[in-house]
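The values are calculated or read from the model by the stated rules, or taken from the named source; none is laboratory data. None of these values were measured; they are calculated from a predicted model. Counting neighbours? That spans all protein chains shown, and the Cβs are built from the backbone with ideal geometry, glycine included.
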Amino acid sequence: MSAYAQSWPTRTVRIISPFAPGGGNDAVARFLAAKFPEQLGGTFVVENRAGSGGLIGADLVAKATADGHTLLITSPEFAINPGMRSKMPYDTFKDFAYISQLASGQFMIASHPSVPVKSAKELLALAKARPGQLSYGTSGAGGINHLAGELLQSMSGISWVHIPFKGAGPAMIAAMGGEVEFAIASTIGMVNHIKAGKLRGVAVTGNRRYAELPIVPTVAESGVPGYSVTGWYGFYAPANTPLDIVRRLHEESRRALNSPDIRDKLVKAGNEPVGSTPVEFLAFVRAEVEKWAKVIKQAKLRID
C-alpha cells in the first residue's frame, strides 16, 4: 500500500447518499460511516443530496475532487437512470471509480393501517374493484420502487396511481399519514414503522420472505407468479481516484461488511452483505443497466 493511501484520509470524508433520510440507502451509508472511523481513523459523515432519482447526488460525486474524500453510496437507480433519461449529467461508467457492491436486498409494499388489505392478494382484489383509485408512493419517478409498482401493474392487470416523493422516507411518511394508500420502499426502511403499527406490511418483492417479518408473504406467492424485484447498494468514488485508495476502500468496506455488528444490522434489515471486487462490481452494474433499459423500453417509461 502506498504512502498516499496510508496517509488518507487527511480531512472529513463525505459519503453522499443521493436520497432523503429514512430510506434503505441512507441506512447502509450510515452503517459504514459509523464503522469506518474504527477501521481507518478520521471522520466520515453522510450527506443526503436527494433529487432526480439519485442524479443530483451522483453528479456531485462525479464532479468532485478525486482524492478519496467524497464518496457515493447509491442503489439500483444508478443503473436505471441511463435507460430512463435521454440526457445524463455524467457518464455512468467513465466518471466513477467502482469500489464494491455492498449488499443486496428487497423491497416491501406497505399500507396505511386503515386500508382494508393484509396481503398482496387482497391488494390486487381491491385494486381491481377500484381501478385507478389506489395510490402508491415511492422515492421518485423512474426509481426501482416505481418500476416495482409498474411491474406489478403490468403482471397483474391492476391499475393504480404512482405518486413520486423526494425519497423513501417522505413516501413512507405520506403512507403513515394517509396521503397515499401504499408505499413501496426497502425492508430496511419499513421494518420499524411496521413493527410500531404505523404501517402494515402487505408483501415483499423478492423471492423469499423477510426474516424479521415472516408473516408478510412475497408478491409471487400472493397471486403473481414469477414476480421478483430485488435491490442493491453500491459504493463509488470519482473517476481517477488513486487506485491504492480505491483498493483500500474496497478492503475496508469488505472488512466492515464481515464485522458481526454490521452484518447483523444488514441481515436484520433484510439485506445480504456482498463485498464484490471493483471488477466484479463494474460487470454487475453493466448487466443491470442493460436489464433495466429493456424493462423501461417495454413499459414505455421515460423521464425527459
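Filter segment 18-37 down to residues that are assigned to a helix (DSSP H, G or I) and either of a type outside the set (Asp, Glu) or at pLDDT 95 or above (or both), then give me how many there are.
Selection size over segment 18-37: 13.
Scanning segment 51-87 for residues that are part of a loop (DSSP other than H, G, I, E, B) and either farther than 17 Å from Phe281 by Cβ or not hydroxyl-bearing (Ser, Thr, Tyr) (or both) yields Gly51, Lys63, Ala64, Thr65, Ala66, Asp67, Gly68, His69, Pro76, Arg85, Ser86, Lys87.
A single member of Ala148, Ala141 is of a type in the set (A, V, I, L, M, F, W, C) and outside any loop (DSSP other than H, G, I, E, B), and it is Ala148.
Looking across segment 262-281, the residues that are closer than 17 Å to Tyr233 by Cβ and surrounded by fewer than 16 Cβ atoms within 10 Å (Cβ to Cβ) come down to Asp264, Val267, Lys268, Glu272, Thr277, Glu280. Filtering segment 55-97 to residues that are over 21 Å from Ala185 (Cα atoms), under 19 Å from the mean Cα position of the chain (by Cα) and β-branched (Val, Ile, Thr) leaves Val61, Thr92. Comparison of Gly23, Gly54 shows that the only residue that is of a type in the set (Gly, Ala, Ser) and touching an Asp or Glu at 6+ places or on another chain (Cβ under 6 Å) is Gly54. Taken over segment 53-102, the criterion of being among the charged types (D, E, K, R), touching a helix residue (DSSP H, G or I) at 6+ places or on another chain (Cβ under 6 Å) and at pLDDT below 95 is satisfied by Glu77 alone. Scanning segment 208-252 for residues that are in a loop (DSSP other than H, G, I, E, B) and more than 30 Å from Ser156 (Cα to Cα) yields Ala239, Asn240, Thr241, Pro242. Scanning segment 151-195 for residues that are modelled with pLDDT under 90, part of a loop (DSSP other than H, G, I, E, B) and surrounded by 20 or more Cβ atoms within 10 Å (Cβ to Cβ) yields one hit, Gly167.
Of the residues Ile99, Ile15, only one is outside the structural domain of Ile184 (by TED's automatic domain parsing) and in contact with a His (Cβ under 7 Å, 6 or more places away or on another chain); which?
Details: Ile15 fails: in contact with a His (Cβ under 7 Å, 6 or more places away or on another chain).
It is Ile99.
Ala237 satisfies every condition listed in (1) out of contact with any strand residue (DSSP E or B) (no Cβ under 6 Å at 6 or more places or on another chain); (2) surrounded by 19 or more Cβ atoms within 10 Å (Cβ to Cβ); (3) over 30 Å from Gly149 (Cβ atoms); (4) of a type in the set (Gly, Ala, Ser) except (1).
With respect to (1) at pLDDT 95 or above; (2) outside the structural domain of Pro217 (by TED's automatic domain parsing), the lone exception for Gln133 is condition (2). For segment 273-291, which positions are over 13 Å from Ala103 (Cα atoms), out of contact with any helix residue (DSSP H, G or I) (no Cβ under 7 Å at 6 or more places or on another chain) and modelled with pLDDT of 95 or more? Within segment 273-291, Val279, Glu280, Leu282, Ala283, Arg286 qualify. Residues in segment 4-49 that are among the charged types (D, E, K, R), buried (at least 17 other Cβ atoms within 10 Å of the Cβ) and closer than 23 Å to Gly142 by Cβ: Asp26, Arg49.
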